[in-house]
Amino acid sequence: MVRTPACGGNEYSGDGHGGEALVLRVSLATGRMSGSSIESDRLAPAPGTEDAYYPGNAGQPHPGPTRVALPAAIRDAIVAHAHAEAPNEACGLIVGDRSAADGGKALRWVPLRNALASPYRYEIAPDDLLRVTIETDDADEVFWGIVHSHVASPARPSPTDLRQAHYPDALYVLVSLAPSEADPTTEAESLRAWRIVDGGVHEVDLVIDG
Ligand SMILES: [Zn+2]
């Protein structure tokens, strides 16, 4: 295999937890809060612990929300679609009543075709995208989540994903089929959500509902 993965996120393969950035952030916060209890919330776990991988995060606060609910039925359907499309990347959309940025909730999952039919990249088939855009507009709904799979790398946006992120109010939801990324107890596939805003990448905790 000579092709360089354009989407697989290998550029960011590391310990996967951005530990150095977190330690730095906490030590800075500790220095600032000396003698003051008002700033003690700075010691709360920082939402952007992936900052080490995303230089665009420098100086950016988390745009929120830091946590959203996702119905279990949607999660299961996304994972099933990713397996069905493997070894190529799979893609689709989660339609919501309002954007995640605006406090909206996920309503339904719409699997779509990957026009590139590639293990390394995805592009929602343009006619699929047009159809869903019209359907959601007509129903006064929005793209709550933009979903794709990584077949062999973590569920974390790659540099290509960042360049293609044109919906700052949506969540970018990634599922990894890599066994090494699965939950060690349940073996459930890793599913993670992100907001990509002004070049910054901020994880949003997914709480599986139901
Ligand atoms: Zn990707």
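The values are calculated or read from the model by the stated rules, or taken from the named source; none is laboratory data. On a predicted model such as this, the values are computed, not experimentally measured, just so you know. Every residue, glycine as well, gets a Cβ built from its backbone with ideal geometry; the counts of neighbours run over all protein chains shown.
Considering segment 153-188, the residues that are closer than 19 Å to Glu123 by Cα, among the small types (Gly, Ala, Ser) and in contact with a helix residue (DSSP H, G or I) (Cβ under 9 Å, 6 or more places away or on another chain) include one that is surrounded by the most Cβ atoms within 10 Å (Cβ to Cβ), namely Ala170. Pairing residues of segment 65-88 that are modelled with pLDDT of 95 or more with residues that are part of a helix (DSSP H, G or I), at Cβ distances under 6 Å and at least 6 apart in sequence or on separate chains, gives Val68/Ala100. Specify which of the listed residues (Val147, Val132) is under 16 Å from Ala80 (Cα atoms) and not in a loop (DSSP other than H, G, I, E, B). Answer to the selection: Val147. Looking only at residues of segment 115-129 that are part of a helix (DSSP H, G or I) and surrounded by fewer than 18 Cβ atoms within 10 Å (Cβ to Cβ), we find that the one that is nearest to the ligand (Cβ to nearest atom) is Leu129.
The rows are residues; the columns are (1) of a type outside the set (Phe, Trp, Tyr); (2) in contact with a strand residue (DSSP E or B) (Cβ under 7 Å, 6 or more places away or on another chain); (3) under 17 Å from Leu177 (Cα atoms).
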{"site": "Ala90", "(1), (2), (3)": "yes, yes, yes"}
{"site": "Ser99", "(1), (2), (3)": "yes, yes, no"}
{"site": "Arg108", "(1), (2), (3)": "yes, yes, no"}
{"site": "Ser118", "(1), (2), (3)": "yes, no, yes"}
{"site": "Arg121", "(1), (2), (3)": "yes, no, yes"}
{"site": "Ile124", "(1), (2), (3)": "yes, yes, no"}
{"site": "Arg131", "(1), (2), (3)": "yes, no, no"}
{"site": "Thr136", "(1), (2), (3)": "yes, yes, no"}
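Residue check: Ala80 meets all listed conditions (1) in a strand (DSSP E or B); (2) surrounded by fewer than 20 Cβ atoms within 10 Å (Cβ to Cβ); (3) out of contact with any Phe, Trp or Tyr (no Cβ under 8 Å at 6 or more places or on another chain); (4) of a type in the set (A, V, I, L, M, F, W, C) but one, namely (1).
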